[in-house]
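Down below is the structure, laid out as structure tokens.
The values are calculated or read from the model by the stated rules, or taken from the named source; none is laboratory data. Model, not experiment: these values are computed from the prediction. Cβ atoms come from the backbone with ideal geometry, glycine included; neighbour counts cover every protein chain shown. These area figures cover heavy atoms from the full protein model, side chains too; ligands, DNA and RNA do not enter into them. Shrake-Rupley method; radii C 1.70, N 1.55, O 1.52, S 1.80 Å.
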Amino acid sequence: MADTFKFRIDHHGSLVRPPELLPSASREVQDAAIAEAVRRQRRLSLTVVTDGHFRRADLHSAVLDVVHGLDDGVLKADRSLVADDTAAIAAQTQVPAKATLPSPAWIAARTFRPGGPWASARELGEALALLIRDEIEAVISRGVRLIQIDNHGYGEGLYSSAGLSFTDAVAVDTLAVSVADKPFDVRIGLCPLTRVGADFDAERLFTSIPVDRWILPYDTGAPAETELLRAVPTDRDVCLGIVDPRVPQLEDVDTVMDRMDAVAAIRDLEDVAISPSSGFADVAARPLLGVEDQWRKLIHVETFARMCWGNEL
């Protein structure tokens, strides 16, 4: 699947909020903080930039802060979920902007309540999937070429206790990412987990949902991480989270490069990207690192990319 649209140095999207970015911060303060985050990303050799999710409290806020009707059965968005914000950062840089959205299955599993207007969690999920798919189409129409869908529920065993089966979740997320006439240079990726732990049918998941890229953890050296990588079909890209965003210490270079050598024995590196294994602050109030530690981790990812691919990034 090698082509010129590799987005090889990636990150999940969320960044540590600077001290001035309080929950009550004005739009002007948010704009200034986002502009500075974009500037710092440009100084790296990242192949995408984001707004750090600085306007969101957490991963699912992109939907729950904007979409109404979960309680009355008629979903309606007050404004774009992420398209306008992503287009705004795209105007600040020549580096491609990246959009991140929560999956509709993940939102449905967390919000469905029996006895409400939705007959089942799957019915709610399908309604959300249509809304998310419209947003993906809007993002693409604004020139964005990399979109990440987050559904950590696959790795957390979420669905058995939420009235949404694994089959239902796959069907819902498939509906959301099945974009008609998607441009050839657009990549839609899905992150099903940030830590290996739960037992799920990875091969079935990876072959059922028609995304271009799977975003997987690869920062511990656990055999289960390699097994996940082996399960990804050869016609899909894979983005591997090779550094841990939870600890400030930088990973040992030889250890990571040994792991990348193992990747090369399984996959064509032309179809591989690298990143931290999760966002740095998927919940704004609970950052995993300090601001400067975060930037050192991103520089570390860039260093590994240059060791793997040279200047052909």
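Quick rundown of the values:
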{"quantity": "When residues of the stretch 244-256 are limited to those that are more than 17 Å from Leu216 (Cα to Cα) and in contact with a helix residue (DSSP H, G or I) (Cβ under 8 Å, 6 or more places away or on another chain), the one surrounded by the most Cβ atoms within 10 Å (Cβ to Cβ)", "calculated": "Glu251"}
{"quantity": "Test: residue in the stretch 163-172 that is of a type in the set (D, E, K, R), open to solvent by 10 Å² or more (accessible area, probe 1.4 Å) and over 30 Å from Gln92 (Cα atoms)", "calculated": "yes"}
{"quantity": "Per-region count, the stretch 141-166, residues touching a Ser or Thr at 6+ places or on another chain (Cβ under 9 Å), modelled with pLDDT under 80 and not aromatic (Phe, Trp, Tyr)", "calculated": "1"}
{"quantity": "Qualifying helices (runs of 4 or more DSSP H) (wholly inside the stretch 80-146; at least 1 residues being in contact with a strand residue (DSSP E or B) (Cβ under 6 Å, 6 or more places away or on another chain), closer than 18 Å to Arg213 by Cα and open to solvent by less than 10 Å² (accessible area, probe 1.4 Å))", "calculated": "121-141"}
{"quantity": "Residue within the stretch 55-72 that is in a loop (DSSP other than H, G, I, E, B), farther than 30 Å from Pro117 by Cβ and open to solvent by 10 Å² or more (accessible area, probe 1.4 Å) present", "calculated": "no"}
{"quantity": "Boolean, Phe304 is open to solvent by less than 10 Å² (accessible area, probe 1.4 Å) and among the aromatic types (Phe, Trp, Tyr)", "calculated": "yes"}
{"quantity": "Residue within the stretch 37-46 that is free of Cβ contacts under 8 Å to residues at least 40 places away in the same chain and in a loop (DSSP other than H, G, I, E, B) present", "calculated": "no"}
{"quantity": "The stretch 267-289, residues that are open to solvent by less than 60 Å² (accessible area, probe 1.4 Å) and either outside any loop (DSSP other than H, G, I, E, B) or among the β-branched types (Val, Ile, Thr) (or both)", "calculated": "Leu269, Asp271, Val272, Ala273, Ile274, Ser275, Pro276, Val283"}
{"quantity": "Residue count for the stretch 189-217, restricted to those that are hydroxyl-bearing (Ser, Thr, Tyr) and under 15 Å from the mean Cα position of the chain (by Cα)", "calculated": "1"}
{"quantity": "Members of the stretch 275-313 that are within 20 Å of Met257 (Cα to Cα) and of a type in the set (A, V, I, L, M)", "calculated": "Leu298, Ile299, Val301, Ala305, Met307, Leu313"}
{"quantity": "Hey, Arg187 of a type in the set (Lys, Arg) and open to solvent by 40 Å² or more (accessible area, probe 1.4 Å) or not", "calculated": "no"}
{"quantity": "Filter result for Val48 (in contact with a Ser or Thr (Cβ under 8 Å, 6 or more places away or on another chain), on the phi < 0 side of the Ramachandran plot and of a type outside the set (S, T, N, Q))", "calculated": "no"}
{"quantity": "Contacts under 7 angstrom Cβ, first residue in the stretch 1-21 being open to solvent by less than 30 Å² (accessible area, probe 1.4 Å) and among the hydroxyl-bearing types (Ser, Thr, Tyr), partner in a loop (DSSP other than H, G, I, E, B) and modelled with pLDDT of 90 or more, 6 or more apart", "calculated": "Ser14/Gly52; Ser14/His53; Ser14/Gly279; Ser14/Phe280; Ser14/Ala281; Ser14/Asp282"}
{"quantity": "Considering residues of the stretch 29-54 that are closer than 21 Å to Arg145 by Cβ and polar (S, T, N, Q) only, the residue surrounded by the most Cβ atoms within 10 Å (Cβ to Cβ)", "calculated": "Thr50"}
{"quantity": "Subset of the stretch 190-224 that is farther than 22 Å from Arg246 by Cβ and among the charged types (D, E, K, R) - its residue that is surrounded by the fewest Cβ atoms within 10 Å (Cβ to Cβ)", "calculated": "Asp199"}
{"quantity": "Residue within the stretch 75-88 that is more than 25 Å from Leu175 (Cα to Cα) and either in contact with a Gly (Cβ under 9 Å, 6 or more places away or on another chain) or among the aromatic types (Phe, Trp, Tyr) (or both) present", "calculated": "no"}
